[in-house]
Amino acid sequence: MSEPLASSKDVCAVLVTYHPDAEFAATVSGISEQVGAIVIVDNGSAATELAMLREIAVDPAVALVLNSENLGLARALNMGIQRASALGYRWALLLDQDSRIERDMVKTLIAVHKSFPDKEHLAIIGSGFRERHRRSRKAAKFEACGEEWDEVDVVITSGSLLSLEAYPNIGPFREDFFIDCVDTEYCARARAKGYRALKTRRPLMSHSIGRPTQHRLLWMKKWTSNHSADRRYYMARNHTVMVRESGRYRLGLWALISLLSCLKACKRITLYEQSKGSKLAAVFLGWRDGIRGNMGPRKRQHSRTSTAA
């Protein structure tokens, strides 16, 4: 039976970094007040950035894992989780380097854990969040209501409190995905094994998905994420693989379903985003590699790939 999550000192934060900015030290300081320890896993940052990370890691509560190259978000998460488990923690708070958390994030996540009756089958508790560049009506509604959480199919990686007791049974984050859809795939696998995922209704952090911008089309206002070409590649490829492996579509219909999703992304890129040619090519290359099962890091990758969600 799962033991109760008593306090924030039972939680180890796991942060994956990739060229963190100068504000990262302040971010770590804010997180350290809420957890028992921090594990930072760096994916091949530059010398000046590594110097900053080493200075942060002077704190005995901070463990630093340095990778000489970008091994992908999934592998870095698995490395951080393994270190947190080795330190004796039963819960890991996963965070992106640019997420800004509320002062009571961990306290609120612990309260959700305490209020959920089926603790033995609880895999992950996600944090509601505000998108940094826009405010949705949905977020405002949740802030106004008194409800604590909803049971959901998927939560994003950043801000999620992961059960390290459930993790070995569910299996690690899928490293051949490299970056995108690793949270969606993990949650799907958890549900298939009888585990459950929750998400707080109240936003507990501010977070950016891409670099969103708003555009007007006739009388409508539309948002687009402006993800890089590399990210568009991983999103298309990994989504295609998930559709293929879901088992819901027969006679190759899964390939058409994934293609329609890619075309939807291409329409938004064409209408609103810059670098259209490289992004459109990346989407179709991702779809093709998903069809063929070509996994791992994108081949002949020239631009930086952020580890942000």
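The values are calculated or read from the model by the stated rules, or taken from the named source; none is laboratory data. Since we're looking at a predicted model, the values are computed, not measured. Backbone-built Cβ (ideal geometry, glycine too); neighbour counts: all protein chains shown.
Numbers below:
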{"read-out": "Matching option when the condition is within 16 Å of the chain's Cα centre (by Cα) and at pLDDT below 95, among G128, G146", "value": "G128"}
{"read-out": "Residue list for the stretch 191-235, filter: among the hydrophobic types (A, V, I, L, M, F, W, C) and either in a loop (DSSP other than H, G, I, E, B) or at pLDDT below 90 (or both)", "value": "I209, L217, L218, W219, M220, W223"}
{"read-out": "Candidate set from the stretch 1-26 (those that are surrounded by 21 or more Cβ atoms within 10 Å (Cβ to Cβ) and not hydrophobic (A, V, I, L, M, F, W, C)); member that is nearest to V106 (Cα to Cα)", "value": "T17"}
{"read-out": "Residue identified as in contact with a Lys or Arg (Cβ under 9 Å, 6 or more places away or on another chain), assigned to a strand (DSSP E or B), within 29 Å of K299 (Cα to Cα) and in the same structural domain as S160 (by TED's automatic domain parsing) among L64, L95", "value": "L64"}
{"read-out": "Members of the stretch 8-18 found to be at pLDDT below 95 and either closer than 22 Å to G72 by Cα or in contact with a Lys or Arg (Cβ under 9 Å, 6 or more places away or on another chain) (or both), listed by number", "value": "S8, D10"}
{"read-out": "Test: S29 is among the polar types (S, T, N, Q) and surrounded by fewer than 18 Cβ atoms within 10 Å (Cβ to Cβ)", "value": "yes"}
{"read-out": "Residue in the stretch 211-266 that is surrounded by the fewest Cβ atoms within 10 Å (Cβ to Cβ), counting only those that are of a type in the set (D, E, K, R) and touching a helix residue (DSSP H, G or I) at 6+ places or on another chain (Cβ under 6 Å)", "value": "R244"}
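This table checks each residue for (1) assigned to a helix (DSSP H, G or I); (2) assigned by TED's automatic domain parsing to the domain that holds A188; (3) in contact (Cβ under 8 Å) with a residue 60 or more places away in the chain; (4) among the charged types (D, E, K, R).
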| position | (1), (2), (3), (4) |
| --- | --- |
| A76 | yes, yes, yes, no |
| Q82 | yes, yes, no, no |
| V106 | yes, yes, yes, no |
| K114 | yes, yes, yes, yes |
| A123 | no, yes, yes, no |
| G126 | no, yes, yes, no |
| R130 | no, yes, yes, yes |
